2 protein chains.
Amino acid sequence: MFSGAQISLYPMSDDFIGIILGAIKALDPYRPHFRIETDDVSTLIVGPPEQLFPAMRDLFVAAAQTGAHCVLSATVSRGCPGEPDDPICTPQNDMSSALPLSDRIDAAREAVAAAPWTGQAIAAQFSLYPLGVGHHMDEIYGCIDFLKNSGVFDRPKNFCTRLKGDAGPVFATLAEAFLRFGAPEGHVTLDLTVSANSPSAKV
Amino acid sequence: MFSGAQISLYPMSDDFIGIILGAIKALDPYRPHFRIETDDVSTLIVGPPEQLFPAMRDLFVAAAQTGAHCVLSATVSRGCPGEPDDPICTPQNDMSSALPLSDRIDAAREAVAAAPWTGQAIAAQFSLYPLGVGHHMDEIYGCIDFLKNSGVFDRPKNFCTRLKGDAGPVFATLAEAFLRFGAPEGHVTLDLTVSANSPSAKV
């Protein structure tokens, strides 16, 4: 299954180039597993679906730990028709996504509870789009059920869901939402915004 | 039909607060038509579907004209199930979106040719998601046909399409892609990134 993301990192700082170049070193451990291409708008990462969110987490936490107000924005996709199927995208473990919805909700919750903490508080909001299937709202409502009990659920907003907490469980929750819901071989996309150190964040 | 967007503006500058507060005045002419709500991650605008892209254009151009490297990121949505139908979202003119695909492609092209220029060069990339219909890829391929002849088409990228040119025709092209494709009353979302003044932009 072709899987990857177009990601962008926005440090609200005159030193945005230095912060980006420093943070991007956090992707080094993932480079053997990913194809990475950069232009002036975004960086493409293509690789195993379950490594996409850990890679984005490590990139974002490295930038946020400079103390600057930073945002990461990403369009994450799996199973996109028209993309070549790439052996680099083979999942490295079985996500058992053919299980009934209730079992997948339980498995997702356990994965988030086991996620490592990073010490970096973040806010996130995202929209999940299971495309080309008749029951896309069933999968979305199932996913919302999981999210509400994830421990990092903040509140629903128009067009998206807002999470908050440590970057570890927040990115684990995003990964579970992306990988466990929607048809196993279906076209699923996730539109993500993650923010840290905002001067207008509520305590 | 409920329509709106979650939008965020990212000036890569120590003066990001000043740039945002200055640019946001560009939304004043739209305020009578929109409901606007802001938190630390994004600003919600809800209103007539055909005014969403002009409002985003004016906000972004105001920020970009400071000369700072600026990005606008948005999740744009129409017809989302589960959102209350809002009288503020009634289209102000007939988009004739029940026409055959070829006629809609022609109408979209004419609308872009008639768009006012702003003097601000930008790069944009976006993904269009017609949700919950069996033929979502037909509508996407029809939209791609329009885009390739829009005059601002740059190139396809994985998971998205890249545009470049003056902010006027670029935002007009985005509006046409969003409004003319996908079922007229269907759930359509568009995930957008717009960039100006990037130091790594190719000339």
Considering only residues that are over 16 Å from the mean Cα position of the chain (by Cα), touching a residue at least 40 places away in the same chain (Cβ under 8 Å) and over 19 Å from residue A:69 (Cα atoms), which ones fall in the range A:4-52?
A:33, A:35
Among the candidates A:68, A:55, which residue alone is away from every other protein chain (no Cβ under 12 Å), touching a residue at least 12 places away in the same chain (Cβ under 8 Å), in contact with a strand residue (DSSP E or B) (Cβ under 9 Å, 6 or more places away or on another chain) and of a type outside the set (Phe, Trp, Tyr)?
A:55
Evaluate the following for residue B:139: is it assigned to a helix (DSSP H, G or I), more than 10 Å from chain A (Cβ to nearest Cβ) and at pLDDT below 95?
yes
I'd like the residue in the range B:1-35 that is at the interface with chain A (Cβ under 10 Å from one of its Cβ atoms) and of a type in the set (Phe, Trp, Tyr) and, out of all such residues, is surrounded by the most Cβ atoms within 10 Å (Cβ to Cβ).
B:10
Any hit, the range A:171-188, residues being within 27 Å of residue A:12 (Cβ to Cβ), in contact with a Ser or Thr (Cβ under 6 Å, 6 or more places away or on another chain) and either at the interface with chain B (Cβ under 10 Å from one of its Cβ atoms) or surrounded by fewer than 24 Cβ atoms within 10 Å (Cβ to Cβ) (or both):
no
Picked from the range B:189-203 (must be out of contact with any helix residue (DSSP H, G or I) (no Cβ under 9 Å at 6 or more places or on another chain) and assigned to a loop (DSSP other than H, G, I, E, B)), the residue farthest from the other protein chains (Cβ to nearest Cβ) is B:203
Residue A:100: passes all of (1) crowded, with 19+ Cβ neighbours inside 10 Å; (2) at pLDDT below 95 but (1)
From the list B:199, B:184, which one is of a type outside the set (D, E, K, R), closer than 21 Å to residue B:79 by Cβ and out of contact with any strand residue (DSSP E or B) (no Cβ under 6 Å at 6 or more places or on another chain)?
B:184
So is residue A:118 surrounded by 19 or more Cβ atoms within 10 Å (Cβ to Cβ), hydroxyl-bearing (Ser, Thr, Tyr) and farther than 30 Å from residue B:139 by Cα or not?
yes
Out of curiosity, is residue B:62 farther than 28 Å from residue A:139 by Cα and in contact with a helix residue (DSSP H, G or I) (Cβ under 8 Å, 6 or more places away or on another chain)?
yes
Sort through A:131, A:163 and tell me the only one that's of a type in the set (A, V, I, L, M, F, W, C) and more than 15 Å from the chain's Cα centre (by Cα).
A:131
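The values are calculated or read from the model by the stated rules, or taken from the named source; none is laboratory data. None of these values were measured; they are calculated from a predicted model. Ideal geometry is used to build each Cβ from the backbone, glycine not excepted, and the neighbour counts take in all protein chains shown.
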